[in-house]
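Below: one structure, written as structure tokens.
The values are calculated or read from the model by the stated rules, or taken from the named source; none is laboratory data. No experiment lies behind these values; they were computed from the predicted model shown. Note that each Cβ is placed from the backbone with ideal geometry, even for glycine, and that neighbours are counted across all protein chains shown. Please note that ligands, DNA and RNA were not included when accessible areas were found on the heavy atoms of the full protein model with its side chains. Shrake-Rupley method; radii C 1.70, N 1.55, O 1.52, S 1.80 Å.
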Amino acid sequence: MNKVKNITIQDIADNAKVSISTVSRVLNGNAPVANSTRERVLRIISELGYKPNPFARGLAGGQSRTIGVLTQLIGSPFYDIILRGILKGIEGSEYSPLFADGSWDEEKNLIALNIFMERQIDGLILLNGLVSNEILIEIAKRVPTIIVGRIIPELRGQCLAFDDFEAARKATKYLLDAGHRRIAHITGLPTHDDTMERRKGYISALEEAGITPDPNLIVDGDFTEPSGVMAVEMLMMRGNNFSAIFAANDQMAYGARLSLFRRGLRVPEDVSIVGFDDQAPAAYMIPPLTSIRRTPLEVGEAAGRALLDLMRGNNIVLPEFHSTLMIRESVIRRS
């Protein structure tokens, strides 16, 4: 089979008997060209079936027309909705996204960022990430950057953070107001900023109620369903009584619910559960899960639009997003 030859600007110039710069001026329309020459070049382009390479054209103009988006877990329901929001935010622009998965691994995050810089991205959106503030500050000096899910003081105007502390405090206080005093907490990854803020919110609510937090009621998870299962097993092995669980995300709450079911414990009659993120399946869990609702689609859209403005030299003001407690049937009032 004959190999199909890629048509280049040089091929067009040779056939039209003009210079490469003339062909470039015709393609870009950024400088005057004699009508007869323009018509000849356009005819050769049509005859050869030339298809411009937007990436190469962008590089020639000093831009790649690409935006790097570094997430931490492609496949995570919460982060995937943020990615959909980013796509919506940059829709209609001349930019296309390049996605990379940091997998909550510092080395993978750094490799992805290096690849982005080698690809000469025009902008960067980072969803949290295990990268030092110092490295991100340096990157932000080279390329317009928006950071979602964490605050870097030197880049505060380019950071879109969540109200994790206050939302976790609100969730724990709801359980306290329902009469629960022995409230277990399943945390997320220890290296995750959200994990620490939600744990602080949980502890703050207990202390405000005059309850000393019990370390034996706090179990580390990793934001996945199996870790929710294992967390409840660990709580049971410790032998401490608890009447409620606050899970740092819905996926761990689903796992916790399964583990309780296997042990013959009813939700909410024996143990109440509150989750975090209010993922779509939360409303269809048995019983429907009380959870902290956030707006990841709107967050992603705001991040995408802010990056476009930043790249265009416009002033940006990132909105504040506040969480809401969605009350369902997974919590019962204790007398």
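Could you check region 118-139 and list, in sequence order, the residues that are of a type in the set (Asp, Glu) and farther than 26 Å from Leu297 by Cα?
Quick first cut of region 118-139, residues of a type in the set (Asp, Glu) only: 118, 122, 134, 138.
Glu118, Glu134, Glu138 - these are the residues of region 118-139 that are of a type in the set (Asp, Glu) and farther than 26 Å from Leu297 by Cα.
Out of curiosity, is Asp105 touching a Phe, Trp or Tyr at 6+ places or on another chain (Cβ under 8 Å) and acidic (Asp, Glu)? Spell out how you get there, then give the answer.
Values: touching a Phe, Trp or Tyr at 6+ places or on another chain (Cβ under 8 Å): no; acidic (Asp, Glu): yes.
For Asp105, the condition - touching a Phe, Trp or Tyr at 6+ places or on another chain (Cβ under 8 Å) and acidic (Asp, Glu) - is not met.
Out of all the residues in region 108-138, which are part of a helix (DSSP H, G or I), in contact with a strand residue (DSSP E or B) (Cβ under 8 Å, 6 or more places away or on another chain) and not aliphatic (A, V, I, L, M)?
Step one: filter region 108-138 for residues part of a helix (DSSP H, G or I), giving 108-118, 133-138.
Going one step further and asking which of them are in contact with a strand residue (DSSP E or B) (Cβ under 8 Å, 6 or more places away or on another chain), we end up with 108-109, 112-113, 115-116, 136.
Across region 108-138, the qualifying residues are Lys108, Asn109, Phe116.
Tell me, please, whether a residue that is modelled with pLDDT under 85 and within 29 Å of the chain's Cα centre (by Cα) can be found in region 33-55. Steps first, please.
Pass one, region 33-55, residues modelled with pLDDT under 85: 33, 49-55.
Next cut, within 29 Å of the chain's Cα centre (by Cα) only: 54-55.
Taking every residue of region 33-55 in turn, at least one turns out to be modelled with pLDDT under 85 and within 29 Å of the chain's Cα centre (by Cα).
Quick one: in region 162-183, of everything that is outside any helix (DSSP H, G or I) and in contact with a helix residue (DSSP H, G or I) (Cβ under 8 Å, 6 or more places away or on another chain), which residue is surrounded by the fewest Cβ atoms within 10 Å (Cβ to Cβ)?
The first filter runs over region 162-183 and keeps only residues outside any helix (DSSP H, G or I), leaving 162-163, 178-183.
Narrowing the set further to residues that are in contact with a helix residue (DSSP H, G or I) (Cβ under 8 Å, 6 or more places away or on another chain) leaves 162, 182-183.
On the way: Phe162: 25, Arg182: 15, Ile183: 26.
This residue is Arg182.
Within region 208-225, is there a residue that is β-branched (Val, Ile, Thr), in a helix (DSSP H, G or I) and closer than 30 Å to Gln72 by Cα?
Here is the first cut: in region 208-225, the ones β-branched (Val, Ile, Thr) are 211-212, 218-219, 224.
Subsequent filtering for residues that are in a helix (DSSP H, G or I) retains none.
The answer is no; no qualifying residue exists.
What are the residues in region 78-116 that are under 13 Å from the mean Cα position of the chain (by Cα), open to solvent by less than 50 Å² (accessible area, probe 1.4 Å) and touching a residue at least 60 places away in the same chain (Cβ under 8 Å), if any?
Phe78, Tyr79, Ile82, Leu83, Gly85, Ile86, Trp104
Conditions first: (1) in a loop (DSSP other than H, G, I, E, B); (2) over 18 Å from Leu325 (Cβ atoms); (3) in contact (Cβ under 8 Å) with a residue 12 or more places away in the chain. Ser259 passes all but one, so which condition is the exception?
(1)
State all residues of region 184-207 that are in a helix (DSSP H, G or I), within 15 Å of Val274 (Cα to Cα) and touching a helix residue (DSSP H, G or I) at 6+ places or on another chain (Cβ under 6 Å); if no residue qualifies, say none.
Of everything in region 184-207, those that are in a helix (DSSP H, G or I), within 15 Å of Val274 (Cα to Cα) and touching a helix residue (DSSP H, G or I) at 6+ places or on another chain (Cβ under 6 Å) turn out to be Arg198, Gly201, Tyr202, Ala205.
Going residue by residue through region 229-239, is there one that turns out to be surrounded by fewer than 24 Cβ atoms within 10 Å (Cβ to Cβ), touching an Asp or Glu at 6+ places or on another chain (Cβ under 9 Å) and outside any helix (DSSP H, G or I)?
no
Being without any contact (Cβ under 8 Å) to a residue 40 or more places away in the chain, open to solvent by 40 Å² or more (accessible area, probe 1.4 Å) and aliphatic (A, V, I, L, M) is the requirement here; does Ile135 meet it? Break it down stepwise before answering.
Numbers: without any contact (Cβ under 8 Å) to a residue 40 or more places away in the chain: yes; open to solvent by 40 Å² or more (accessible area, probe 1.4 Å): yes; aliphatic (A, V, I, L, M): yes.
Taking the combined requirement at face value, the residue satisfies it.
Within region 311-335, restricting attention to residues that are of a type in the set (S, T, N, Q) and either in contact with a strand residue (DSSP E or B) (Cβ under 6 Å, 6 or more places away or on another chain) or within 15 Å of Ile245 (Cβ to Cβ) (or both), which residue is surrounded by the most Cβ atoms within 10 Å (Cβ to Cβ)?
Ser330
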